[in-house]
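The values are calculated or read from the model by the stated rules, or taken from the named source; none is laboratory data. Keep in mind the model is a prediction, meaning the values are calculated, not measured. All Cβ positions, glycine included, derive from the backbone under ideal geometry; neighbour counts span all protein chains shown.
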Amino acid sequence: MDPGVTLPPPPPGQGNLRPPIPNYRLAMLIFLVAETMLFTGLMGGYLVLRYSVPMWPPEGQPLLPPGAGTVNLALLAAASLGIQGALRSLRRGASRGALRGLALCLAAGLGFLLALGLEWSLLRAEGLSLDGGGTYGALFYALTGCHALHVLAVWIWTVSLLVLAMRGRLLPGRLGTVEMAGMFWHFVTLAWLFLFVILYLS
Amino acid sequence: MKASLRKVLTRFSGVISVLVLSVMTASRVMAQCAMCSGAAEASSGQFAYSKSTLFMLSIPYLLLGGVAGYIVHAFRKARVSFPDGEPGPDPGER
């Protein structure tokens, strides 16, 4: 721009207007919509294959344990609550509460990943493997594996937030990244709820 | 507001009727031609395809409606809170 040109001043009272929805929140919403479509496609494929056969699970294949799915759902809900509590504490300027919330979120997220890994190994021992489980095994590992990758990604993101919080770099006016991570945690929790219903309960 | 809504409903009543009928006769709509219809009826997986297609069709509209509703809600809230163009607080902090 030509440095000699000066822009007219904004109308009175409108010089500092901010959009009703911050850009980071809108961007995260768009990203989560795309992620939802990914899971929708996977679940749609599952529904076609699941209801195309008269018997499910196929003969000789183990039933998925609903208890494990419930525990995983509770762990993800705890992670969501943890990061939401951390965000609330950071807005109040309570760094100790924020650290506690982030630690709870990380512990619950790690618990979810470990519990899912344990469930996979137990099911594999019962004969539900990628190579020998047929469509049933492929669908189960594809859906839960894709979800676990998302949980792992947001878990790593939360570790970075914990490091920032410990260094005192998460200030009350600049919490967009914490809110975005929180939205992602809520998303993975909600996605697991749907996966739990269609995989373990239907 | 009510009058404008009625006007919109009257104007698009044909489109709305077609949409409602489409949903009510979904399995027929999904089989776009006689060959597809015959294949779908002969297949044992017709139920599976119907349900899956309906599921996958409904999600984008639900998402669009949800996001649009949130945006409208946020703008209305901003207008109610600061009607005279006063600069509000950072929306991320609300």
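Of the candidates A:VAL197, A:VAL159, A:VAL151, the single residue that is over 21 Å from A:ALA68 (Cβ atoms), in a helix (DSSP H, G or I) and out of contact with any strand residue (DSSP E or B) (no Cβ under 7 Å at 6 or more places or on another chain) is A:VAL159. In the stretch A:46-88, of all residues being within 14 Å of chain B (Cβ to nearest Cβ) and outside any loop (DSSP other than H, G, I, E, B), the one that is surrounded by the fewest Cβ atoms within 10 Å (Cβ to Cβ) corresponds to A:ARG88.
Restricting the stretch A:17-41 to residues that are at the interface with chain B (Cβ under 8 Å from one of its Cβ atoms) and among the polar types (S, T, N, Q), the residue that is farthest from the chain's Cα centre (by Cα) is A:THR40.
Looking at the stretch A:70-92, is at least one residue more than 24 Å from A:PHE187 (Cβ to Cβ) and at pLDDT below 95?
yes
Only a single item in (1) exposed (fewer than 12 other Cβ atoms within 10 Å of the Cβ); (2) in a helix (DSSP H, G or I); (3) at pLDDT below 85; (4) within 12 Å of chain A (Cβ to nearest Cβ) is not met by B:VAL20, and it is number (4). Just wondering, is there one or more residues in the stretch A:99-116 that are surrounded by 15 or more Cβ atoms within 10 Å (Cβ to Cβ), charged (D, E, K, R) and modelled with pLDDT under 95? No, because not a single residue in the stretch A:99-116 is surrounded by 15 or more Cβ atoms within 10 Å (Cβ to Cβ), charged (D, E, K, R) and modelled with pLDDT under 95. Does B:ARG6 fit the bill of being of a type in the set (D, E, K, R), at pLDDT below 70 and assigned to a helix (DSSP H, G or I)? In short, no. Taking A:THR135 as the residue in question, decide whether it is in contact (Cβ under 8 Å) with a residue 24 or more places away in the chain and within 14 Å of A:LEU195 (Cβ to Cβ). Here the answer is no, as A:THR135 does not meet what is asked.
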